[in-house]
1. Counting only heavy atoms of the protein chains, get the accessible area per residue of the chain (1.4 Å probe) and round it to a whole Å² value.
2. On C-alpha positions alone, give me the angle between the axis of helix 354-363 and the longest principal axis of the chain, in degrees, nearest 10.
3. For the chain, build the charge dipole from Cβ charges (+1 Lys, Arg; -1 Asp, Glu) around the Cα centre, then report which of 97, 111, 219 sits farthest towards its positive end.
4. Whole Å is fine, so just give me how far the alpha carbon centre of the range 142-191 lies from that of the range 36-70.
5. Give, rounded to the nearest 20 debye, the magnitude of the charge dipole that the range 178-308 has about its Cα centre when Lys and Arg contribute +1 at Cβ and Asp and Glu contribute -1 at Cβ.
6. Rounding to the nearest 10 and keeping the result within 0 to 90°, find how far the Cα-based axis of helix 248-258 lies from the longest principal axis of the chain.
7. Only helical DSSP H runs with n ≥ 4 go in: add -39500 (n - 2.57) per run for the chain, normalise by residue count and round the 222 nm mean residue ellipticity to 500 deg cm²/dmol.
8. Using Cα springs under 10 Å in a Gaussian network model of the chain, which residue among 39, 66, 54 shows the largest mean-square fluctuation?
Amino acid sequence: MFSLVRFISVVVSVLFSLTLFSGCGPKEKKAEIKVGLLGAMTGRLAVYGTALHGAELAFNEINENGGIESMNGAKIEWVYADTASSANKVVSELERLVENEKVDAIIFSSPTSEVMAGASLYDKLKVPVISTIATSEPLFNYNLKYWRMISIPSSSYGTFVIEWLTLLLKEFKVKIDKIAIATAEAPHLLAYLKHEKKELKRLGLDKNIILDITYNAKSELPTMSSTLLKIKASKPDILIVNDYNSTLPHYWRAAHNIGLKIPFTIYVLTTLGYPKAWSVLGNDLMMKHVVSKPVLIPVVMHKDASHEAFQRIQKKMIPWVEEKGLKMTDYYYINAQAAYAFQKAWELTGNKDPKAVNDTLNKLEIKDGDPAFILPLFSPALKWYPNGKIVHAKLPSAQWHGTLEDHSIELIFPKKLRTAKPILKW
């Protein structure tokens, strides 16, 4: 009896020791995720590449909040790659990120020309890529499987301004019987014009176009004056302007010189929505023709927009950028949105396998109200068509309000984000 008790005691002791030993052993290593942050970090396009720090901020926040929960708290690490503002470096940097750095995903913050340079590689490398900044319209025809965008496609630039026009009619009864369109002859602006006219035709408003005029993108003041005199003579209710940055000051100086005052002007793409406009046009032109005038301007976001997730990230983003000695732009938010889209895909997939994550991205839908949805540009949900084009994309419209001493840019559309009543008359 004694020997049996002793035997049982020994067995229990051994089992206990084995359990204790296994409990003290090394825990399973977490599968860390590595992301390539590719873009024009230096050179003439550096404003786009440096905005990748917005993705870095988002990844830091995710790591601080416990990493990717479905992957046992896996942390995200990242490595930068610089195109040096040259499309010629895109291929070599993509290959280096995938083959040498072994990244699991890539965020590419550069204009369309650089994103196009990598078109032959995205599906070949089989690592999911989200490009920001690029309008990317030519890429959609390739029907790429591993590439997708988070930005505003060229076609959307041509349609959201027409939506503003219809909203002005619907909410404020602004007259739109006579529509004039003025476009600088630059490829991207002519693309916007094409989509504007297509949308006007779809809505049955193409018959309202009384003038469709183009002008040289390098026009000086005399040429602009001639163009604007034709616009003035047509007496439009609405003027849609697809202007080039280099002609912007000549446009408004000519408008001032000939006394052009259109009942309502809608800009498609312009620096007018940013503080830089004051140095480009000068205080006199801004106050006489733009501030508190019926001029709608596109913007990416507004500091006072009533959007909880955006306000949360904004409070962190601005001091983060300033601490790095960089100039704050809205591009940082777009790159942060790309980072949160990847976070959502990793959580849903439960692993970092590029193919599995890419399949998840193809089906992903991040709805407005989700903490990972930080930019209302893509409301009601962030998702993609099979060719990588973003489904919902439109820029808000804004106006300058106030005086020379106290002025601000205010959101007008969409109505749910409106920060001030629109100025509808001169």
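The values are calculated or read from the model by the stated rules, or taken from the named source; none is laboratory data. Since this is a predicted model, take the numbers as computed values, not measurements. In this analysis, Cβ positions are derived from the backbone assuming ideal geometry, glycine residues included, and neighbour counts consider all displayed protein chains. The accessibility values were calculated without ligands, DNA or RNA, using every heavy atom of the protein model including side chains. Shrake-Rupley method; radii C 1.70, N 1.55, O 1.52, S 1.80 Å.
1. Details: 19500 Å² over 426 residues.
That works out to 46 Å² for each residue.
2. 50 degrees
3. The listed residue farthest towards the positive side: 219.
4. 29 Å
5. Around 360 debye, computed over the range 178-308.
6. Once rounded, one gets 20 degrees.
7. Details: 15 runs with 173 residues, N = 426.
Value at 222 nm, helices only: -12500 deg cm²/dmol.
8. 66
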